[in-house]
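The values are calculated or read from the model by the stated rules, or taken from the named source; none is laboratory data. Since we're looking at a predicted model, the values are computed, not measured. In this analysis, Cβ positions are derived from the backbone assuming ideal geometry, glycine residues included, and neighbour counts consider all displayed protein chains.
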Amino acid sequence: MSGIRFVVEKQVATFINPLKDNQLDRQEIEVRFDPLLGHQSVFNPDLKDKVSILFPETDEKYLADVVEATRPKCFLCDGRWKETTPRYPEELIPGGRLIKNETVLFPNLFPLFGYHAVIMLGNKHYRRLDDFPVSLLCDAIGICIEFIHKCFKADPGARYFTINANYLFPAGSSVIHPHLQLIGGSLPTTFQEQLIHHSRKYFEKNGSIYWKDLVAVEKNLRQRWIGEIMDSCWISSFSPLGQNEVQAIWPDKKHFLEWNDNDVESAAIGISGVLKTYYEMKCSTFNFSIFSGALDGFDYGMRSMMRIITRQNVVPDHRTDDYYFQKLLKNEIILLPPEELSQKVKENLDNCLKSQ
Ligand SMILES: [Zn+2]
């Protein structure tokens with residue numbers, strides 16, 4: 001028996017509701033706790049009437065205007081990256097940048113960690129979420145793994161890396177042009193450290209790997225299970241950290257140095273399929289982070305995993321979806337139940353999923 005518990009608590013809000021003929025309204029709110037970290041996600045079914053206010057649909061005309069206005073000066077477009085982007089020292093990266101087909105990895109001009117690279121995701125200045133091909137993501141994640149190998153070989157103290165994405169400005173990106181961000185160094189990021197710490201605690205308490213247990217429990221329950229792509233497992237999150245969150249888990253891979261070509265490809269297939277689903281849901285932005293334990297294998301309870309979420313859609317003067325509730329109270333709101341999201345993603349990934 002695993003140590004995984006899907007804990008839910010109910011709260012009730014009672015008030016005289018002018019939207020319901022000034023009758024006494026009693027709204028039941030579900031609070032879900034992440035089985036590893038304990039953070040809360042809150043689901044109030046009555047919020048469905050407010051979704052269009054909280055997350056208005058993408059303004060396609062406005063987005064097209066922004067794309068066109070930013071294209072001429074984009075530092076990545078039309079091969080300008082060759083002149084505008086910085087390079088790594090020759091001893092780390094011969095030639096200064098890693099290039100694979102249409103993807104290019106180069107240093108961030110304004111780094112936040114010892115290793116902070118940007119990866120150009122192809123030549124197109126803008127991509128709809130249904131236009132992130134598997135081959136493009138495969139190349140981009142592939143050069144990330146190659147870069148991590150090179151960094152760790154040159155600097156064995158740089159043990160902690162994450163591969164991340166901001167797409168479009170409501171998701172935090174300062175440029176439209178699709179790209180990834182890879183950060184690493186001697187310290188895990190705050191959330192990476194929490195994952196590692198709690199994974200270790202779980203192992204010490206239960207004698208098993210949390211991530212393997214999670215996959216087994218979710219596969220058995222089938223409520224949030226999406227499926228397996230090669231050696232990776234895909235689920236919607238019981239207690240998400242953002243809207244429409246999907247998690248991927250590589251149960252046998254402790255860290256990025258253990259990744260092979262299949263792991264890279266499985267990430268690419270899954271991300272491409274999840275983004276197609278987001279597009280069908282009329283979303284236009286996303287964030288993801290792929291986490292790994294320490295590259296020397298020290299973090300024995302941790303496994304490689306990813307969380308991918310949607311953010312506020314592109315509209316003029318968009319309202320942030322990360323306010324006191326998320327940023328300071330560290331809670332999230334669920335609008336689409338994870339048990340429905342898993343089915344939507346599954347439909348898009350069905351032909352890629354292992355038959356089970
Ligand atoms: Zn561009």
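Test Ser174 against the criterion of being modelled with pLDDT under 95 and polar (S, T, N, Q), and give yes or no. Spelling it out, Ser174 is indeed modelled with pLDDT under 95 and polar (S, T, N, Q).
Of all residues in region 146-197, those satisfying the criterion of being among the aliphatic types (A, V, I, L, M), crowded, with 20+ Cβ neighbours inside 10 Å and in a helix (DSSP H, G or I) are Ile148, Ala171, Leu195, Ile196.
Just one of (1) buried (at least 22 other Cβ atoms within 10 Å of the Cβ); (2) of a type in the set (Lys, Arg); (3) more than 22 Å from the chain's Cα centre (by Cα) fails for Arg224. It is (3). Residues that are buried (at least 19 other Cβ atoms within 10 Å of the Cβ) and either aliphatic (A, V, I, L, M) or part of a loop (DSSP other than H, G, I, E, B) (or both) were ranked within region 114-125; the one that is farthest from the ligand (Cβ to nearest atom) is Ala117. Scanning region 198-221 for residues that are surrounded by fewer than 21 Cβ atoms within 10 Å (Cβ to Cβ) and either under 30 Å from Pro111 (Cβ atoms) or outside the structural domain of Lys253 (by TED's automatic domain parsing) (or both) gives His198, Arg200.
Would you check if Lys276 is over 16 Å from the mean Cα position of the chain (by Cα) and not hydrophobic (A, V, I, L, M, F, W, C)? Considered against the rule, which asks whether it is over 16 Å from the mean Cα position of the chain (by Cα) and not hydrophobic (A, V, I, L, M, F, W, C), Lys276 comes out as no.
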